[in-house]
Structures are given as structure tokens and as C-alpha cells.
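Let me begin by presenting the structure, written as C-alpha cells, before commenting on it.
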Amino acid sequence: MPQNPFGGKQPIGVIYNTSMNRPDAALALAGLYGFEGKRESRMGSICVVGAGLNAAIFCDVVGRFYMVGPLRNANSVLPVGLPAVDPPPPDSPMVLPAVERKTEKGEPQYTRSIRKLTDTAVPEAVLRNGVIFNAEAVVILGAPATYLAKSLDLLGVKDIYKERVKRLVIVDSGARQDAAAIRKILAEWPTPVFYCGKEVGDALRFPAARIDKDFAWAEAHPVVDAYRAYQPMPYDAPTHDLAAAHFAVHPDSGFFRLSDPGSIAVGDDGAMKFTSGGGAKVRSLMVESAQQDKIIEAFVELASAKPVQPQRFRKPAL
Amino acid sequence: MIVTRKALARRTILKGIGAAIGLPFLDAMTPAFADSQLSGGAPVRLAWFYAPNGIDMRHWTPSEEGPLGQLPGILAPLEPVKKEILVLSNLTANWGRPLLVGAGDHGRALAAYMTGVQVYRTAGADLKLGVSADQIAANALGHLTKLPSLEVGLEETRQAGNCDNGYSCAYAYNVSWKTETQPLPPISDPRNLFERLFGTDIVEAPAAHARRLAMRRSILDQVMGDTQKLQSKLGRTDRRKLDEYLTSVREIEQQVERAEKDGATIDPGMEKPFGVPPEFPDYFRLMTDMMLVAFKADITRFSTIMIGREGSTRAYPEIGVTDGHHPLTHHMGNMQMLDKVRQINALHLALFAEFLRKMKNTKEGDSNLLDQSLIVYGSGLSDGNVHTHDQLPTILAGRGGDFVRPGRHIVYQRETPVANLFATMIERVGVRPEHVGDATGRLAGLSVS
Amino acid sequence: MSNVSLLIFAMAGALQAGVPASFEKDVVPVLSQSCQACHNDKLTSGGLNLTPFLQGSSLTSNREGWEIILAKLRAGEMPPKGMPRPPAAQMDALLQYVQGEFDRADRQTKPDPGRITAHRLNRNEYANTVRDLLGVEFRAQEEFPADDSGYGFDNIGDVLTVSPALMQKYLSVAEKIAARAVGGDPLPKPGLFSRKDRVRRIDTGTIQLEDLIEHDADYIVRANLVGHRGPQDKPVTLVLSVDGKPVKTVTVAVQISAVNLQGGATQRGSEEVKLFLTGGAHTFRAEFVNDEALKEIPQNARMNVNRNIYPESIEHAGPFPSAEPHPSQKKVLLCDPASGRACVDRILTALVHAAFRHPVNKAELAQLGRVFDRAKTAGYTPAQSLQFAIAAILVSPQFLFRIERDPKAGTIAPVTDVELASRLSYFLWSSMPDDELLRLGESNRLHVPAMLDAQVKRMIASPKSSAFADNFAGQWLEVRSLDAMKPDAKRFPEWGPELKEAMRTETRLFFEAVMRENRPISDFIDGRYTFLNERLAKHYGIDGVTGPEFRRVELATDQRSGVFTQASVLTISSYPSRTSVVLRGKYLLENVLHAAPPPPPQDVPPLDEESVGVAMSLRQQMERHRADPACASCHSRMDVLGFALENYDAIGRWRTEDGKFPVDAGGSFPNGKTFNGPAEMKQLLRENMPAFTRCLVEKTLTYSLGRGVEAFDRPTVQDVVRQTAAHDYQFQALILGIVHSPPFQQRRGELAVSKEKPEVSSK
């Protein structure tokens, strides 16, 4: 397995497909940067599918928010993927306040590197390149599978995925999937596939009060802005993507039980349904209900972690 | 070895090297194209100019998308030909990046540029890359011309010792790869380039020449027989080596056969060059003039030219730059060094512009050679100081036979593989492989439509 | 450290504790107490997490990583300055234990000699082989593209490929060489080639022309002179030379003739010589030597034809048939090919045997005969037909490749004596085996150790071993890069081809002396002699050396000694306009200590060497740079070595000031040892002979095998290092050690299954 031969194992890379139109997606971003701060994972690439330019800018803003130290270039941080479709899908109003927020001086509150479509990346390329950036990776599919499916047909990609992608976690938040694409994924994906059903995120709700309390260290926090904007506070949002992200990085946390292998049926309308058995190998996540409070506490702690200076990582030599 | 059916006045071609003379005499060459890929037209030629050590992009990228206005500093020499070029922004060569492997950006930048695959890190054993875009085209269509492809280099001397952090020099010195394991070393000696194009035995009576060709073919036949016998006794790696050899022998045999069919020897009408011109601009002109002749006479349709090896340390005293190019690109923001790097970049582009003008002034039917070509000028590095492999400097010149609408700046989405451009180019000449390196598709927006 | 001392240390450690050495006792405590604070699961400084290394099994599962750790500990680089260090005894016990385990493991592993891929002759080998086979001097550099290199050398079988362009070249060159060897093609009508436009003026009295000669034949070379001096001036001596060798020396009158004087015509004259030239590029030179009178003529009048005489142009005319058979004809034409097939067969038998470097069977010979017949039937003369048969030899894979037969898959077998002959000859001569070597090989006597030793000694003594100096030393010491160097002409007006060639020659001659005189390899570090001509001696500020010839010079001062303070090395490790402590330090680490530093990490701004000398001295800059811990780990090792060479400028001249700052050539090694100036630095290098020896052994082994040194070669490297040390570090002991080693004498059969796909990971 590719890793530092000197013993220092690199954190696992996370490839995050998101529509960035629900608070759980924003929280998932925060959680993933929380993991990154603890060097338990690193952001391989983010790909926004099913939303517009502002969603991509929001992802970029959050990434820059957590970035400490000098501006990194595309050798270490990939731009955010976004399909160039005309017209673009609508953005969730959730992302706008953070994107548009200004300081007292009238400058943007949050720095960003994306301003226009050409600052974003080709989705299937960035998904693939994100995997290539990491010795080991996980893929979280919280958005239509269109571009992840496309990436499978690129040269050598199935081999690379097979070698490096430890697991694919498909999130079902009730949103519609791209039926043909998700079927292709289910048929061709070369490594273990997990299904994070709607009931998982619904069972694990993020406490509204903690948004105020645990993020208070930041004067301005884009994820908090998004949470507040999604619907009138207070509300406890489901944590679909965040739960999937946690499992993707820490499958052995004990937070989730796994079903027997089964399959996902995809309706022509893109609705997904998991059923056990049937020869397929997908496993479905189930919340350990006894752990519910502990899980939620862990989610809060993770999502509200402060930015951390990245460690310089270099190869030793004789 | 016939290049053209028409006789040319002796010693005319290339006589005026140094001056942008437009090579009008070339109009006398009317090659009988072995095919016609395009209805009623001449074939489309593809060329790649590889510039080493990246570019100072702040003085390269035009500020606006769309029609090219005032060109930024480094591109300024292209002002006279700006109607003939596209500036393409944001293309990426992902496999040049350090990824998990770390240093070795120069070796990787070149090796990954036209192959679009991972560069297997080795200082020697198990060299492994992929087929470069020019060779995908040449492997499919090379049989139509005397030479399937032409690889030219403008750096004679080589660095001794290790090349780049555990990457074999084969990666840093060769942009064209015929197979995963076989680089095609560029020809950098003018005389050798001349002889590759026109043969060594230029003036010989037709009958004598035919007799010689027959002997050559019989020698090559025999060698092929020997090799096959020998191979049966060898291990896998050795067999692969001999396979490479055999493939090359076969190609030369085809070349000889073609020459036999074509009849008499020809007089390319130029004096055989000797030695490398001491001034870089003259060297550049001499080699690209020969490349132009090769295109015009349909000796080949696909060519790559390396302006320098990746990591080139060439100094350019001709323009007052006495420090090495590569050390200068690690400028760390030092203004004097940046300035010198820009001078080097601008010199390269001035010479490239000159070449484009000559191509434009070379008639071909109702059109001209430039309009019949697609010529890339690019590098596998953008910022040479910190070795970035995205937002690469890329120019596409020519119209590829009424395919491209030049004169514009097109900005693509980030991470768009530069291989998408190459895939589009080779598709234009009628080659549609399943994959071109890490291409994700064709490059939109180039065409007239 | 030798095995014996290792053993003693290990025993001492064990006795002291009263219990046997063990991983738990000798390794774990040191790692966890002194190292793990910075190298743990969370904090992986330098990318190192030591947790896995706390398991004894890591000695086998991650030997690679352990070797790096050992090197750091041995060099005293870790723990870094300022961090507490474990007591020396504890550290020693750890080193002994781990090294002991490695040695034990190496003894138990099944030896693996590796395998050498079918090896295409590189261009130097090709040229030398053609020279030894046919007597044809042929300049491969002008015909073939440079060969790609790997592991720092251009004779690596895996990297040497055959492109179609190269194959085309092989074919055309084979025909040319065969024609030159036999001389069967009629020469074209002679012509006069006036080369006014290409003549290069070196100085008033010297011009030079580099030009291509098309045929092996006689040519007239002519120098045209113009102008005159005063009636009282004495004649001057004109030397015409070709490729550096004088071919005519003549006294030339300098006064104007009465006729010219009267007619007012410009005085013109010429001197010529007819001589045999081989086809290829040549350098012609016309030069007034010892022209003292020139100094009397004012600078601005020296090109005035009424005040001075000077060579104006060089031209050549030809080709003319040669009066007598040239050397290659004598060598190849054992009989007259026109006399019939018997003679042709005789010639071809001898040639193909030598060319293929192994016994040849009848069928192979018959095939060549058929080429001859076919050519003859086609109407070629017997001599020309023979040429085609020779060309067929020269493009055969058996000539172009060195191919060894493979033992059964996975098994190990000695190479045959015939193969051994080629391994030897391409190692030391970069050429084919001569008759003696091949005969010994074919009679299976070559592998006998005493015989092998004698042959190696004979080969080293032969002038052909200069190829080893050119090709091995030229690449190990990177002196070949001199051709790529372009020192800033403004700062270094003295730079030119002459100085460059003198530098190259010095290093070559020095290397040859160490090799042929069997000097200890420590001479490379600080041998107190060298080889100089006037030009280079002047460069070094050494008096008493006159003339262009090189001679041995004993070095009296500390300014120079060994190879690393030779101008060649100092120049190639500099930038065009200034020195670089980083480049020089890196050079020494790579080529002397075999400890190449890693490249700088992505996010560290490299040093601003440009502003050096402006606001801050180089040293001040470097000190600041090294304050950053991420830079310090490597630069502390690299730069100190470079600083020790700051007494030499970018073209290797001694200096005591750099710009306006005095040179400070002092420093300290990571282990705390300090030095001041190059001599003391070399003294410290000498104290670390095992490291230098290992470096040289690995480089020589790489070159001798034409493949990279692999992990399984470790025991071989160890053995050769030990043997060399046991022979007072004599260079020939090193060479013999390699020649007798398993990788040089044996071969492993390749496994039939293809190796796994190359991994993506770093090495």
C-alpha cells in the first residue's frame, strides 16, 4: 500500500460529493476539517453537484476558513469541482449569507479563491485527482452520482479506485439520485459500498443550542452562517452527510452497526431503497441507539473544532 | 528517397537562415499526399513546442477572455501573429504533481505532459510511462509518410549525474514516448536532423540508388530473422528490449520500401548543416526551418520539439542572461531574477512567432501551412519557482484546416486535463483512441462553430 | 566500523548489562525516551512515526526505514542540537545491536546476484568497439544522440533503448563505417572547400576551423596568410594542426616581396599539407607560435595588412586517393576479397567472431556470405560486397546488444567465461574483449581467480582503460557537465575551450593515476599531486609549469589536493556567475558521502542567493535560512560542506574575498566536529573513509553492472568495502572486489510471471 515507507502513515483522503444545500452538508464540511486538524483525514477533493456557483464558493470559503498559514497551491489543495451546465442548478439560500457577508469595512468577511465558474474545477477530473492525491481515500456520495459515475470511465481510474478507495459511502437524505449514474456506480464500483439511509441522519440531530455555544470561539463562522440561514433557529438538523463522513473516516468507531450485505434498488425517479440479501454486497448503516448521545456529542466536538496549523510533512532521506 | 516529384533549385532552402524570409521557394514543393484525410484538402499537421521550467504566468495570461487585445509582456512577441493563436488557460497536467512521491517535479513535468499518465519513479529499472499524444497519432497514421513522426530537441549537452530525484534522465529528456517503455530521444544535432529527413545518400544515380536500397532491405530482412531466433531464447525483459529493436528495424524497413517505390534520390536543395549554431536564436531557426520543410514536403505530419530539456540550465548570453535558466526560475520573488526569466520566455516566444510567420507564409494549395496545422506551445510547469502543474501556459496556433477559430483567449475550468487539448488535436486528424492519457473528454470552444 | 570492532562493542554492551542484547533492552528505551517525543502517532516530525519501529519485527519488515534511522544516528544528526541525547554507551549499544541483526539477516538471506538486462551498446561503447574491431576511428558523439542515463550513468541496460531514428542511424553509420574499413567505394572528384565564413579567430595569430570531412582519404589542408611586417622583422613559426596535433611546422617570412611592394598589392601567401583524414568532424588550426614580435605592434594595428601578417583563413581540398592502405584496411583485409569466396569467408569469420564477442556458428556465417553474394550478383565489386556483409554485422542485435543467456527461472548460475570477458571489457575499456580476453573466455579459464586478477591488472595497465576514466569518472564526478557550463563571460573572461579542456584533462589524468598506480582512494579526497599544463597552472597560481603538455605536479600548499578542489569539480558545482554552497554541499554529499539530501519541501521558500554580497554576506543569509528548522535538517549538513569550498570562485580559482566580504570557510559537522578551510574539511572526510568507500563502491558497482544497486546487493557492497579497507583502500582492490563479487560473476534467471505493477508509492 502506498504510504510513507518511513512509518508515518498519511491521513486518509476524503472525496466529498455534495449538493451543499442542507445544514448537514455544511456540518459535514466542518467535521471533515475537524478530522483534518486531528490528522485523521485530509480533504482530497470536494465536488459540488446539483447546486450552483455559490455552493462551490461556500465550500471554498469554508476550506479557506480552516486554512492556517500560507496559501497552498493546487499541488496540495484542489479547487472545488462544479459541473459547467447551463443554466446552473439553483443554489440553496443556505450558502448565500456566508458568501455575501461583509466586514464592517465592507470587505468580504471570508476570503475565497473562487469567483467565477472557471475558478472551479472539472468535476470528474477533480474527483479522480482527489483520489490520486492520497495513498488511501474514502468517497462520500452526498449528491447526484452523475460525475462520480463518469469518472469511472476514465483511463485507469477503476484500478486506482480499487487500489486506493477504502470505501464508498452513499448518503440517502431523501433527495433524488441520478438513476442511471447511481446504477452504474452500484454495478461497477470496485471497492466496498456502504449505504447511509435517511433514518440515520434523522436519528442523529444536531442540537441547535450547540451552534451558539460550541462555535462561539469564532466571531464569524461560515458554517454557522449557513446553519442559521437554512431555516429559522432554533432547529435540530438531521446529520446525513456528517454521519456518513464520520463513518467513512472511522468505520470502527462503534457508532454504527452494519447490516448484512444487501442491495440498493434504484427507482427510475432516482429514489433509493436498501434491501438485505440478494447477492449484492452493499452494507447499510444503523445507528447504535444506546450510543446516540455519545455520537451527537462527538459530532458537535468534531464540527466545532478550531483550525489547526498543518504539519509540514516531508520525506526523510539518508 | 523522394521528397517531392518536382525538382527544386539547389541550395535555396534555408540559405537565408536568420532572416524571417518566409521560405517562398517552398511553394515549389507540391507533395503528392499519400492520402487525403480531408475532402479536397491537404492533411493537418500537429506539432508541440515544449518550453522548459515553466513561465511567469502573471506576464502571460491575458486579463480578459475572448478576443485577444494587447498581449501581456511575455506574449508580446506574438502580437504580429495574434490572429493565428488561441491562448488557453487553466489546463492541468495532474501526473506532474508531487502527489505521494515528492520531489522530481521537472522529470515528471516533462514525462507526464504528453502522456497524461503516472510517471513510475525509477532511476533506471522498469522505466514505465505511457504513449504520448503525438505517438498515438503517429502509430495510427505514421505509415502514410516517410517518417511517422519527428522528434527535435534544442539542447545538445547533457547534465552528467542524476537527473531529478530518483527519476531517470529518460523522463527529463524525452517528451515523445512510442510505447510505455520506449522514449524517442529528440534529435538535436542539425546535421543528424537533416540526415533523418533527407537521408545520408543524397546524390546518387537512380539505378545505383535502387540497388543500394535493395541491399539495405535484404540486410534488414536478415536482421529481423536473426532477432526472432534470438528472442526465443531470452527472458521476458530481454525479449522486450529486442522487441523494441525489432519494431525499429521494421519501421526502417518500411522506410526503405517506401523509398524504393518512390524511385530516385532527391536533392533537398539545401546544404547539409554542420554543427550547432553558437547563438541560440540561429539554432532555433535552423531546426524549426527543417521542421517546416518536413511538414511542407509531407515527410512527416507529427512533430515535437523540446526548446530545452525540463530543468534546463542553459544560459542565454545572447540576450544578456548569463545565469542558468533553471536556477533563475527558482527566483523566490527576486525581481532581477524574475526579469531574466521573463526575457528568456520572451525570446522563446519571439522565435516561435517567427516560426509561425514562416508557416503562414508557406503556401499550400489555396491555404497555407499554418492554417493546415495545429501547433501547441506549452510547458508542464506553470510556476517554476514552486513547481505547480496546473494553470499551465498553453498556446494553440494554426487553424487545423478550418477547425479552429483563433485570435482568442479561452479560460477553462480548473483541473481540465491538458490531455483534453491533445485528444482534440489527434481527433482532428482522424484518430480516435479510447483514451488519451488522463483526458476527460474533448476541449470545447476551439472550433469555428 | 569494521566487523571486529562491532563485535567487541556488542560484547562489551552485553557483558556490562549481564544479559544478552535484545531489542527490548537496547533499542526500545532509547527510541521511546530520546526520539518519540517528536516522532509519534500524532507528531510525525520529518514524516517519521517511530511507533512501528518499537516492534522488533520492524527490523525485517522495514529495513529501509531502519537504515535511514541508523545513518542519522551514526552521523550524530539525531537527536538534533538542543535536544537531550542518550548516553553514548546506550546509543552505541543500539547501533551495535541493530547492525548486528542486519548482518545476521544478510548472512542468512539467500544471495541474489540480480540480473542485467540486454544491454544496447551506448554511443561510447559503440565507437570504441568499432575502433577495436575495424580500426575505424569514429566519433559517436557526432552521429548518435546522447544516451539516456539512469542511476547517474549512461550505460544502464534498462534505460538504453532503440528508437527508429537511432535504428536509421545505425544502418547509415554501419554502411559508412564498413566503407571506411574496406575502402571499396570510389571517391568523388576532389573539390576545394573554402571555409571563410566558418573560421573562428582565437587571437591575432591563431584561427581555427571546425569542419566535416566526408571521406577517409587524403586531403590538402591550407592556411592562407595575409599582410606583412617591416623589412627588419624576423620570420615567424606557423604551426598547422589537426585535432590538436601539429601536422606541419614551417617558418614564414614576414617582409613584403619586392613585386608586391612595387605593385602595391596586398601580400598574400599560403602554407599547405597533404595528409590522410578520416571522415567526420575535425578541428583545423593555424597558429603563429612564440611570436614575440607581435607585442611590438600596437593593438589597433595588428589586423592592418600593412603592419602585420596573420593567418586569414583555412581551407581544405579533397578527397584524394590515399597513397597506401590506411590502418583499418590493413587490419580488416587479411587477404584480397577479389581473390574469391575463401578469402571473404576468412575475413568475415574473424570479424563476426570478434564483433559478436562469442563463438559463431556456421549458419550465422553462411548468412553473411549470402549478403556478400547478393551484393556481388547485384553488380557490386567484391570489396563493396564485403562492405555490405560488414554492415550487416554492425546492425545485428548480436553486435549492438550485449545479451547473456538466462539461467532457469529463479535459479542462480555463474555467467559463462565468454560473457565474463565482455562484462570485464565493457567495465574497464567500454569496448569489446580483445583476443586474449576472448580466448581465455572461450577456453573457460577466465574465471579462475588468479587469472582474473592478472587480466584485470593487464586491462587497467592498458591505455584502453582511459575509457573507464572518461566514462566512469566523467559521470561520477560529473565532469562531463563541463560542456554544459557557460560561466558568465563578463565575470570570467578567462573561460574558454582551452581552460575547459585543461580542467577536464586534469581530472582524467588524476583519476587514471589513482587507478593505474593503485593509489589509495583517499587520494581522491586529499592526494597531494595533480596534473597541470601552463594554462591550468596559471589558473591555480602555480609557477614553473610551461607549455601545453600536462605533467605531474606535486602540490606544496593546502590550497589544493585531491579531486574535489580541482577546477573542473568546482566549476560544475557553481552557477554561471557565482558559487553556490548549496550546490557544492549537495555535490559532496552525493558523490563523496553517498548521502543525497532530499529536495526542499513544497512550502519552504528557497534561499535568496541572489542578494548575496549586496546587503548580507552569503553566510549571514545562510544562517538565517537555517534558522528555519524545516530547512536546517538538511542545510546544516549540506551547506557546511559547501562553505568549506568558498575559498574557490565559480571557475575554481583560489580567493580569500567574495565581493566585499572576506571568505569564511569554517563550519561544523552535525556531530559537532569543527573545521576551518578546505584542508581541515578534507581531513574530517578522511576520518570517515568507510562512508566514502561505500559511496565509491556503490557508484562503481552500478557502472560495472549497468544496473542500479538494489537492496539485495547490500552484502556485496559491505564485502567490497571491507576488502578495500583491508587493502589500505587501494583502488584496484575495490575494482577486484567488484570483479569477484557475485553480482558481477553470476546471474539470476528471470521469473516467468510478470512482476507486479509498479507501485505508486514513494521509495
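The values are calculated or read from the model by the stated rules, or taken from the named source; none is laboratory data. All of these numbers come straight from a predicted model, not from anything done at the bench. Cβ atoms come from the backbone with ideal geometry, glycine included; neighbour counts cover every protein chain shown.
For region A:41-74, the candidate set comprises residues that are outside any helix (DSSP H, G or I) and in contact with a Pro (Cβ under 6 Å, 6 or more places away or on another chain); within that set, the residue that is nearest to the other protein chains (Cβ to nearest Cβ) is A:Cys47. Are any of the residues in region C:520-534 more than 23 Å from C:Phe692 (Cβ to Cβ), assigned to a helix (DSSP H, G or I), modelled with pLDDT of 90 or more and over 15 Å from the mean Cα position of the chain (by Cα)? Among the residues of region C:520-534, at least one is more than 23 Å from C:Phe692 (Cβ to Cβ), assigned to a helix (DSSP H, G or I), modelled with pLDDT of 90 or more and over 15 Å from the mean Cα position of the chain (by Cα), which makes the answer yes.
On the basis of being under 16 Å from the mean Cα position of the chain (by Cα), farther than 23 Å from C:Leu583 by Cα and touching a residue at least 24 places away in the same chain (Cβ under 8 Å), does C:Leu477 make the cut? The answer is no for C:Leu477.
Under the condition of being closer than 15 Å to B:Tyr120 by Cα, at the interface with chain C (Cβ under 8 Å from one of its Cβ atoms) and more than 15 Å from the chain's Cα centre (by Cα), the residues counted in region B:146-191 number 8. All of (1) touching a residue at least 24 places away in the same chain (Cβ under 8 Å); (2) at the interface with chain B (Cβ under 9 Å from one of its Cβ atoms); (3) surrounded by fewer than 24 Cβ atoms within 10 Å (Cβ to Cβ) hold for C:Arg123 with one exception: (2).
Of everything in region B:369-405 that is farther than 23 Å from B:His106 by Cα and charged (D, E, K, R), the residue that is farthest from the other protein chains (Cβ to nearest Cβ) is B:Asp371.
Looking at the structure I just gave you, is B:Ser132 of a type in the set (Ser, Thr, Tyr), buried (at least 23 other Cβ atoms within 10 Å of the Cβ) and within 12 Å of chain C (Cβ to nearest Cβ)? For B:Ser132, the condition - of a type in the set (Ser, Thr, Tyr), buried (at least 23 other Cβ atoms within 10 Å of the Cβ) and within 12 Å of chain C (Cβ to nearest Cβ) - is not met. Taking the criterion of being closer than 26 Å to C:Thr109 by Cβ, over 25 Å from the mean Cα position of the chain (by Cα), outside any loop (DSSP other than H, G, I, E, B) and more than 14 Å from chain B (Cβ to nearest Cβ), the residues of region C:397-449 that qualify are C:Pro414, C:Pro449.
Checked against the criterion of being away from chain C (no Cβ under 13 Å) and free of Cβ contacts under 8 Å to residues at least 60 places away in the same chain, the candidates B:Lys241, B:Lys229, B:Lys261, B:Lys296 yield just one match: B:Lys261. You will find that of C:Arg560, C:Arg552, the residue that is crowded, with 23+ Cβ neighbours inside 10 Å, charged (D, E, K, R) and modelled with pLDDT of 90 or more is C:Arg560 and no other. Residue-level check: of (1) in contact with a helix residue (DSSP H, G or I) (Cβ under 8 Å, 6 or more places away or on another chain); (2) in a helix (DSSP H, G or I); (3) farther than 21 Å from B:Ala76 by Cα, B:Ala346 misses just (3). If you go through region A:21-38 one residue at a time, do you hit one that is within 10 Å of another protein chain (Cβ to nearest Cβ), under 21 Å from A:Phe215 (Cα atoms) and touching a residue at least 24 places away in the same chain (Cβ under 8 Å)? Checked region A:21-38: at least one residue is within 10 Å of another protein chain (Cβ to nearest Cβ), under 21 Å from A:Phe215 (Cα atoms) and touching a residue at least 24 places away in the same chain (Cβ under 8 Å).
Take the conditions touching a residue at least 60 places away in the same chain (Cβ under 8 Å) and touching a Gly at 6+ places or on another chain (Cβ under 6 Å) and apply them to C:Ile309. Does it pass? Considered against the rule, which asks whether it is touching a residue at least 60 places away in the same chain (Cβ under 8 Å) and touching a Gly at 6+ places or on another chain (Cβ under 6 Å), C:Ile309 comes out as yes. Please verify whether region B:153-168 includes one or more residues that are assigned to a helix (DSSP H, G or I) and crowded, with 24+ Cβ neighbours inside 10 Å. So far as region B:153-168 goes, no, none of its residues is assigned to a helix (DSSP H, G or I) and crowded, with 24+ Cβ neighbours inside 10 Å. Within region C:330-352, the residues that satisfy the criterion of being free of Cβ contacts under 8 Å to residues at least 24 places away in the same chain and either within 39 Å of the chain's Cα centre (by Cα) or surrounded by 17 or more Cβ atoms within 10 Å (Cβ to Cβ) (or both) are C:Leu334, C:Cys343, C:Arg346, C:Thr349, C:Ala350. Checked against (1) part of a helix (DSSP H, G or I); (2) within 26 Å of C:Ala650 (Cβ to Cβ); (3) modelled with pLDDT of 90 or more, B:Met291 meets all criteria but (2).
When B:Ala172, B:Ala133 are screened for being among the small types (Gly, Ala, Ser), at pLDDT below 90 and touching a helix residue (DSSP H, G or I) at 6+ places or on another chain (Cβ under 7 Å), only B:Ala172 passes. Within region A:166-178, the set of residues being in contact (Cβ under 8 Å) with a residue 40 or more places away in the chain and either farther than 17 Å from A:Thr275 by Cα or assigned to a loop (DSSP other than H, G, I, E, B) (or both) comprises A:Lys166, A:Arg167, A:Asp172, A:Ser173, A:Ala175, A:Arg176, A:Gln177, A:Asp178. The set of residues in region A:122-165 that are surrounded by 22 or more Cβ atoms within 10 Å (Cβ to Cβ), assigned to a loop (DSSP other than H, G, I, E, B) and either more than 12 Å from chain B (Cβ to nearest Cβ) or of a type in the set (Asp, Glu) (or both) comprises A:Ala143, A:Pro144, A:Ala145. Condition (residue is of a type outside the set (A, V, I, L, M), assigned to a loop (DSSP other than H, G, I, E, B) and over 18 Å from A:Asn129 (Cα atoms)) applied to region A:22-35: is it met by at least one residue? There is at least one residue in region A:22-35 that is of a type outside the set (A, V, I, L, M), assigned to a loop (DSSP other than H, G, I, E, B) and over 18 Å from A:Asn129 (Cα atoms).
Every listed requirement among (1) at pLDDT below 90; (2) touching a helix residue (DSSP H, G or I) at 6+ places or on another chain (Cβ under 7 Å) is met by B:Met335 save one, (2).
Going through region C:724-735 one residue at a time, which ones are farther than 20 Å from C:Glu710 by Cα, touching a helix residue (DSSP H, G or I) at 6+ places or on another chain (Cβ under 9 Å) and not in a strand (DSSP E or B)? The answer is C:Thr724, C:Ala725, C:Ala726, C:His727, C:Tyr729, C:Phe731, C:Gln732, C:Ala733.
Listed here are the helices (runs of 4 or more DSSP H) enclosed by region C:117-213 that have at least 3 residues being closer than 26 Å to B:Glu271 by Cβ: C:140-143, C:164-182.
Looking across region A:70-101, the residues that are small (Gly, Ala, Ser) and crowded, with 17+ Cβ neighbours inside 10 Å come down to A:Ala74, A:Gly81, A:Ser92, A:Ala98. Every test in (1) away from chain B (no Cβ under 12 Å); (2) surrounded by fewer than 21 Cβ atoms within 10 Å (Cβ to Cβ) is passed by C:Gln141 save one, and that test is (1).
Taken over region A:184-212, the criterion of being surrounded by fewer than 17 Cβ atoms within 10 Å (Cβ to Cβ), in a helix (DSSP H, G or I) and among the charged types (D, E, K, R) is satisfied by A:Glu188, A:Lys198, A:Glu199, A:Asp202, A:Asp212.
Could you tell me whether C:Arg528 is touching a Lys or Arg at 6+ places or on another chain (Cβ under 9 Å), touching a residue at least 40 places away in the same chain (Cβ under 8 Å) and either at positive phi or among the charged types (D, E, K, R) (or both)? No, not satisfied.
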